[in-house]
Amino acid sequence: MDDTDRRIVNALQGGFPIAERPFAAAAEALGLEEADLLARIKAMRDDGVISRFGPLWHAEKMGGGLTLSAMSVPAERFDDVAAIVNSFPEVAHNYARDHALNMWFVVATERPERIAEVLAEIEARTGLAVHDMPKIEEFFVGLRFEA
Amino acid sequence: MKIEQSERGSVERPGALAEESQARGGARPALEGQIIDTIDRAIVKATQDGLPLVERPYHAVAETVGIPPEEVMERLERLLAAGVIRRIGLVPNHYALGYGFNGMTVWDVADGDVSEAGRLVGELDFVSHCYHRPRALPDWPYSLFAMIHAKERVAADALVARIAATLGPLSSGHLVLFSSRILKKTGLRL
């Protein structure tokens, strides 16, 4: 990752143009060539520096369901349980955390009622309790990281 | 850590969302009730793995969906304006950028104080997400969640201390749960 890559990461965490040639427009603003910008974004995506590139969809505004859930998973079963939880396409993110509740995952579904079904299926397949903590109020989402 | 802010200060409050409707197994209302149509859905499906990294990405999406590129761009503009798209751009892997200390800070704030506490913490420029979530007594008294990110442990501790100072007596206890491993990070899938 060089200084140009850092400038790209810092500049393009939002506001990517909607236009016929958006990379050309974004490249011009950065003083780069379109082909160079595309190549650098591809390389950073392939290297894992960029998790994804595109629209960030808001599940609830699409009429879908979203929740954060946590489980206390015995250490010796951790990887097996992670595999079960991750096998659900509705599980969008899953993090191991240092606490008795050591597995925290976000479930996003197209239909709100599917949330309860997914959590019940996870409980049935793991034999472990799932603690559901859906948001009641959102105060802020959207920090951008400085590369 | 220098950061830019996009939506700070905008508070979403699902008004009709009664606490009991959030109970496990209960009906969950669509929070905003803003339902997308079938063409929007097809655009979501075509872009949920990301935009094609080609010179004309929206034209490529249009070809996948089977509508004119102008319509793809018009719909994206509308969905962005409506907040159905939070933003368009890249999502960095913060671990790859050196942010190794990613903490979910959770705070025991009385129900009547959570909105005020959340507004104060949500305004802190280093907090990436801030939510009120239901506590699960007796084991889990924490109702306010705020995510922090730092490159060093000492910096993370300083951020937690700033939240604690901001909340003062509004919080009667807190924990910091650092993530030790990303088990999955794919984002939304229809």
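The values are calculated or read from the model by the stated rules, or taken from the named source; none is laboratory data. Owing to the predicted nature of the structure, the values given are computational and were not obtained by experimental measurement. No Cβ is skipped: glycine too gets one built from the backbone with ideal geometry, and neighbour counts run over all protein chains shown.
The residue list B:A117, B:A46 contains one member that is within 22 Å of A:A24 (Cβ to Cβ) and more than 7 Å from every other protein chain (Cβ to nearest Cβ), which is B:A46. Cβ-Cβ distances below 7 Å connect the following pairs, each with a first residue in region A:89-109 that is over 11 Å from B:S179 (Cβ atoms), a second residue that is among the polar types (S, T, N, Q) and not in a strand (DSSP E or B), and a separation of six or more residues or different chains: A:A92/B:T186; A:A100/A:S72; A:L101/A:S72. Residues of region A:108-147 that are modelled with pLDDT under 95, more than 8 Å from chain B (Cβ to nearest Cβ) and assigned to a loop (DSSP other than H, G, I, E, B): A:R111 alone. When region B:122-156 is filtered for residues that are closer than 16 Å to B:Y95 by Cα and out of contact with any helix residue (DSSP H, G or I) (no Cβ under 6 Å at 6 or more places or on another chain), the ones remaining, listed by number, are B:S128, B:M147, B:H149, B:K151, B:E152, B:R153, B:A155, B:A156.
Looking at A:L12, A:L101, which one is within 30 Å of B:A136 (Cβ to Cβ) and facing chain B (nearest Cβ under 8 Å)? Result of the check over A:L12, A:L101: A:L101. Among residues of region A:40-52 being closer than 26 Å to B:L80 by Cα and hydrophobic (A, V, I, L, M, F, W, C), the one that is surrounded by the most Cβ atoms within 10 Å (Cβ to Cβ) is A:I50.
The lone criterion from (1) of a type outside the set (F, W, Y); (2) over 30 Å from A:M1 (Cβ atoms); (3) touching a strand residue (DSSP E or B) at 6+ places or on another chain (Cβ under 8 Å); (4) not assigned by TED's automatic domain parsing to the domain that holds B:S171 left unmet by B:P92 is number (2).
Counting only residues that are surrounded by fewer than 18 Cβ atoms within 10 Å (Cβ to Cβ) and in a strand (DSSP E or B), region B:130-160 holds 1 of them. When each of A:P89, A:P55, A:P74, A:P112 is tested for being within 15 Å of the chain's Cα centre (by Cα) and surrounded by fewer than 22 Cβ atoms within 10 Å (Cβ to Cβ), the lone residue that passes is A:P89.
Yes/no per residue for (1) more than 20 Å from A:V141 (Cβ to Cβ); (2) in a strand (DSSP E or B); (3) touching a Pro at 6+ places or on another chain (Cβ under 7 Å):
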residue	(1), (2), (3)
A:V81	yes, no, no
A:P89	yes, no, no
A:A92	no, yes, no
A:A96	yes, yes, no
A:L101	yes, no, no
A:V106	no, yes, no
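If you go through region B:48-71 and keep only what is closer than 21 Å to A:E110 by Cα and at pLDDT 95 or above, you end up with B:L51, B:V61, B:T64, B:V65.
Checked against (1) without any contact (Cβ under 8 Å) to a residue 24 or more places away in the chain; (2) in contact with a strand residue (DSSP E or B) (Cβ under 8 Å, 6 or more places away or on another chain), A:D132 passes all but condition (1).
Can you find even one residue in region A:65-87 that is more than 7 Å from every other protein chain (Cβ to nearest Cβ) and within 21 Å of B:R41 (Cα to Cα)? For region A:65-87, residues more than 7 Å from every other protein chain (Cβ to nearest Cβ) and within 21 Å of B:R41 (Cα to Cα): present.
So how many residues does region A:1-24 have that are exposed (fewer than 15 other Cβ atoms within 10 Å of the Cβ) and more than 15 Å from A:R144 (Cα to Cα)? Of the residues in that region, 4 qualify.
Check region A:56-69 and report whether any residue there is among the hydroxyl-bearing types (S, T, Y), without any contact (Cβ under 8 Å) to a residue 12 or more places away in the chain and not in a helix (DSSP H, G or I). Taking every residue of region A:56-69 in turn, none turns out to be among the hydroxyl-bearing types (S, T, Y), without any contact (Cβ under 8 Å) to a residue 12 or more places away in the chain and not in a helix (DSSP H, G or I).
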